[in-house]
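These notes are about the structure you will find just below.
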Amino acid sequence: MEMIIVSTGGRKNNDGEMNLTNNRQQIIDRTLKLYVAALSDAADEIGLNTVCMDRGIVPLTKKKRMAGFARTGKLVRSPPNRPYDEKQLDVFMSLGTEAVDGDLLVIDTAGATDCSAWGQVLTRIGKPLGVRGAIIEGTSRDIDDIDKMDFVVFARGRHPGTMRGRYDMESVQKPIVCGGVTINPGDLIFADGDGVVVIPPEHIEAVLKHAEGVVETDEWWANKLDEGKDPHDLHKERPIP
């Protein structure tokens, strides 16, 4: 079996110092008071590029809002005509069993849609540990059961087929690509009905601060428009974010 590469996911800032998030729940709570479009606008304001996953990554579950910190896994095609290696399933399940409260699982299958990379078993493993949701660069199954667990799954679609014998784990907690965005372990992930944004740890505070301003301005506009105010006058007073 191919060796599995595991990384802690630590990232360094421009001064070479490690960025560690010590207040994960506070950041998650703060993020969930906002919405994805506000974080996207905020990222534009501070010059971040490519923070939004492409429109092919969509919610499959009834519940759509989730925020957490990326725990990543990458799948690759199993060698043809090789007997199924049961150890691969153990490694794959470790994505959930070794997760911690506040993690959000992101799995890269290179967009494969001929089998499923998520289902009710992994949901039952991860949710009691505090996993906030899953995003699959590929497909998921068991959505009706997952809905009953009040869990969130985003993916490119549904497929009933198993990954057993079709995929192996190449890496855990290493950089991957999902929805056209590079995901590093520890990135802040936020999803709602509009899509998914990805914010690197070193930019979380700046993006959230700007996003809170965007939401405040949006609410001001909504109230003024509901009062029947002229939008041209409003734009002179407070431009649309």
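We did not get these values from a lab; they are worked out from the coordinates using the rules stated. What you are looking at is a predicted structure, and each value in this text was computed from that prediction instead of being measured. Here the Cβ is made from the backbone with ideal geometry for all residues, glycine too, and neighbour counts use every protein chain on show.
Of note:
- Between the range 57-101 and the range 148-227, the alpha-carbon center distance in angstrom: 16
- Count Lys and Arg as plus one, Asp and Glu as minus one, and take only other residues whose Cβ is under 12 Å from that of C115; the net charge is then +4.
- Going from the fewest other Cβ atoms within 10 Å to the most, the residues W118, W220 appear in the order W220, W118.
- Choice from G68, G186, G130 showing the highest fluctuation, given a GNM over the chain with Cα pairs closer than 10 Å: G130
- Radius 14 Å from Cβ of V207, net charge of other residues (Lys, Arg +1; Asp, Glu -1): -4
- Sorted fewest first by neighbouring Cβ atoms within 10 angstrom, H232, H210 come out as H232, H210.
- Spin-label pair R77-T113: with each label point 7 Å from Cα along the Cα-Cβ axis, the two points sit 1.8 nm from one another.
- Taking the chain as a Gaussian network of alpha-carbon nodes connected by springs under 10 Å, the highest mean-square fluctuation of the residues D147, D187, D103 belongs to D147.
- Binned Cα-Cα distances of the range 174-241, short to long, each 5 Å bin given as a whole percent: 3, 14, 18, 17, 13, 12, 10, 8, 4, 1, 0
- Rounded to the nearest 20 debye, the dipole size of the range 39-158 about its Cα centre is 280 debye, using +1 on the Cβ of Lys and Arg and -1 on the Cβ of Asp and Glu.
- For the range 21-222, share of DSSP beta bridges that run antiparallel, in % to the nearest 5: 55
- Per-residue [θ]222 nm for the chain (sum of -39500 (n - 2.57) over DSSP H runs n ≥ 4, rounded to 500): -9000 deg cm²/dmol
- The chain: most fluctuating residue of P200, P160, P79 per GNM, C-alpha cutoff 10 Å: P79
- Note on F92, F154: ascending count of other Cβ atoms within 10 Å places them as F92, F154, the fewest first.
- At the listed q of 0.10 Å⁻¹, the Debye profile of the chain, built from one uniform point per Cα, gives log10 I(q)/I(0) equal to -0.50.
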